[in-house]
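Scroll down for the structure; my scribbles are underneath it.
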Amino acid sequence: MAHQILSGLPQLLRGLGVSLEIAGIVLALASAGGFLVGIVLQYGGILLRVAARVYVDTIRGIPVLVLIFVVYFGLPAVGLRLSAFQAGIAALSIFASAHIAEIVRGGIDSIPHAQTDAAKAVGLTFWQRLRLVVLPQAVRRMLPPWVNTAVEIVKGSALLSLLGIVDLLLAMQNVVGYTFIVLPFYALAAFLYFAVNFTISRVAGVLERRFAYLKY
Amino acid sequence: MREYHFNWFLAWQSFPRFYWGLALGLELAALALLAGSVIGIAAAFGRAFGPLWLRAAVTSYVEFIRNIPLLLLVYFAFYGLPKAGITVFDNVWSFIIALSAYSGAYLTEVFRAGVGSVPVGYTEAGKAVGLTPWQRLRLVTLPVTFRIILPSLSNTFISLFKDTSLASALAVPELTYAAEWLNVNTFRTIEAWTFATAMYLFAGYGIALILRRFERRYAVIR
């Protein structure tokens, strides 16, 4: 049995690689998108702000699995053909960017308004205020929850196995399917997920303590 | 854009399937919240007052569950537990077990924070009037804890309700499964997922609205 477990290990690791690849791409896309939406939520005109609010609240109000199926099944129905991988990446990015948008908005909102007033008083433009005054402080507030979102993304990537993407979860099921060894492989997959996510969680904890001195 | 012929009638015909799916989802979430609260209370007190090994066990449980995907846990409950000799659960109960174990870990943290934020004066007052430790717990600490953590409990309930969509992976006939069924059987893709999305949104925000009123009613005045 030990031999069979060893022979299944490369597949699991390949699956883990796919999971991490998905998580990495999604985190990058969602951070960029979430940052933009977050800025709009905080500073946008009334129309843009309402649109961003509706987007964020709708996405946060539906289960991520439903969002994945909507993108995977719904978009081809209107003529947009996506591979499972693309659809999965798109759905998770849409999901995570809504969460990151809230983090960005919250982070910016937590910086006292007097700082913006002071920056205006010394004649900084909007982007200068953002870049030189608000964001350097706000980013420290955003980092810990942002890293926690990374954990959510890695956990969410497991749902893409339902689209047939061979990530860690589906790789594990495949190996179980032909070796008929169930419990050790479940334990192994759980351990791999745990190792990745626990490490990320620790980073978030360290960042939180590191920036705990920021109090207003 | 390709021609897509809407046919809302077919979707409307299977509305009962969606409706009962929604009801089942709420039931699953409520059961998981209940079982998770029991686990959470026990684990929180075990971590606060238990011996070292119990504290270590609770911490491992919480950290482990919080860092693995729920779907893995769901598959484990359905495919793994029978291999470990536990064969009494069907797909619905396997899912309830998995979701309870999952929510238990999150609720442990909630209860730990809640019990910790009961003012010391309350416990001292309980001691002063001569309540036994068990009576203090039952009559003072737990009621106040529940009132403090009510907002967290309702958030957990709504997020568990959204997590019940994963039960569709075990063919539990809840809302997501209803949409999948309609999609597969009638190819009314957009109608099916519009129905499901709208119902999740309505139910989620509707419950949130009701629970917020409830929270205000029972908020602790500090």
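Throughout, read-outs are computed from the coordinates displayed, never taken from laboratory work. Bear in mind the structure is a predicted one, so any value in this text is a computation, not a measurement. Positions of Cβ are backbone-derived with ideal geometry, glycine not excepted, and every protein chain shown enters the neighbour counts.
Going by the alpha-carbon gyration tensor, a ≥ b ≥ c the square roots of its eigenvalues, is the protein assembly as shown rounded (a/c under 1.5) or, if a/c is not under 1.5, prolate (a/b greater than b/c) versus oblate? Mind showing how you got there, number by number?
Values: a/c = 1.39, a/b = 1.07, b/c = 1.30.
Because its axes are fairly even, with a/c under 1.5, the protein assembly as shown counts as rounded.
In terms of Cα to Cα distance under 17 Å, which aspartates and glutamates are near enough to A:K120, apart from those fewer than 8 places away along the same chain?
A:D109
Pick from A:A77, A:A96, A:A190: which residue has the top mean-square fluctuation in a GNM of chain A where Cα pairs under 10 Å get a spring?
A:A77
Go ahead and set up a Gaussian network model of chain B, Cα springs under 10 Å, then flag whichever of B:A196, B:A56, B:A44 fluctuates most.
B:A56
To make sure I understand, if each residue's beta carbon is the centre and we count other beta carbons within 10 Å, what order do A:S157, B:S60, A:S93 fall in, fewest to most?
Ranked by crowding around the Cβ, least crowded first: B:S60, A:S93, A:S157.
Output wanted: per-residue J couplings in Hz (rounded whole) for region A:68-74, from phi through Karplus 6.51 cos²θ - 1.76 cosθ + 1.60, θ = phi - 60°, x for Gly and Pro.
Residue by residue, region A:68-74 yields 4, 5, 4, 5, 6, 8, x Hz.
Given the rule -39500 (n - 2.57) for each run of at least 4 DSSP H residues, summed and divided by the residues of chain A, what is its mean residue ellipticity at 222 nm, to the nearest 500 deg cm²/dmol?
Numbers: 8 runs with 162 residues, N = 216.
Taken over chain A, the calculation gives -26000 deg cm²/dmol.
Going by how many other Cβ atoms sit within 10 Å of their own, how do A:Y72, A:Y43 line up, fewest first?
On the way: A:Y72 23, A:Y43 14.
With the sparsest Cβ surroundings first, the list reads A:Y43, A:Y72.
Using +1 at the Cβ of each Lys and Arg and -1 at the Cβ of each Asp and Glu in chain A, identify which of A:T116, A:A204, A:P145 lies farthest towards the dipole's positive end.
A:T116
Could you put A:M142, B:M199, A:M1 in order, starting from the residue whose Cβ has the fewest other Cβ atoms within 10 Å? Mind dumping the intermediate values first?
Values: A:M142 25, B:M199 21, A:M1 8.
With the fewest neighbours first, A:M142, B:M199, A:M1 line up as A:M1, B:M199, A:M142.
Rounded to the nearest 500, what is the 222 nm mean residue ellipticity of chain B from helices alone, with -39500 (n - 2.57) per DSSP H run of 4+ residues and division by all residues?
Numbers: 10 runs with 165 residues, N = 222.
For chain B, the value works out to -25000 deg cm²/dmol.
Per residue of region A:140-155, in order, report the coupling 6.51 cos²θ - 1.76 cosθ + 1.60 (Karplus, θ = phi - 60°) as ³J(HN,Hα) in whole Hz, putting x for Gly and Pro.
Listing the rounded values in order: 5, 6, 6, 4, x, x, 5, 5, 5, 4, 4, 4, 4, 5, 4, 5 Hz.
Excluding the sites themselves, what is the longest stretch of chain A that contains no trypsin sites (Lys or Arg not before Pro) in a DSSP loop with at most 12 other C-beta atoms within 10 Å? Can you show the working numbers first?
On the way: sites that count: A:R81, A:K215.
Free of exposed loop sites, the longest segment is A:82-214.
Using only Cα atoms, tell me the angle between helix A:2-43 and the longest principal axis of chain A; keep it within 0 to 90° and round to the nearest 10.
Roughly 20 degrees, rounded to the nearest 10.
Residue-wise, which Karplus ³J(HN,Hα) couplings in Hz belong to region A:111-119, taking 6.51 cos²θ - 1.76 cosθ + 1.60, θ = phi - 60°, and x for glycine or proline?
My calculation for region A:111-119 gives 7, x, 5, 4, 5, 5, 4, 4, 5 Hz in order.
List every DSSP H helix in chain B whose Cα atoms extend 18 Å or more along the helix's own long axis and whose mean Kyte-Doolittle hydropathy is at least 0.5. Display every interim value, and only then the final one.
Details: long enough: B:15-49 (50 Å, 1.37); B:52-66 (21 Å, 0.71); B:91-116 (37 Å, 0.87); B:142-163 (28 Å, 0.86); B:189-218 (43 Å, 0.38).
Counting only whole DSSP H runs, the qualifying helices are B:15-49, B:52-66, B:91-116, B:142-163.
Which whole-number percent is the relative contact order of chain B (Cα, under 8 Å, 6+ apart)?
31
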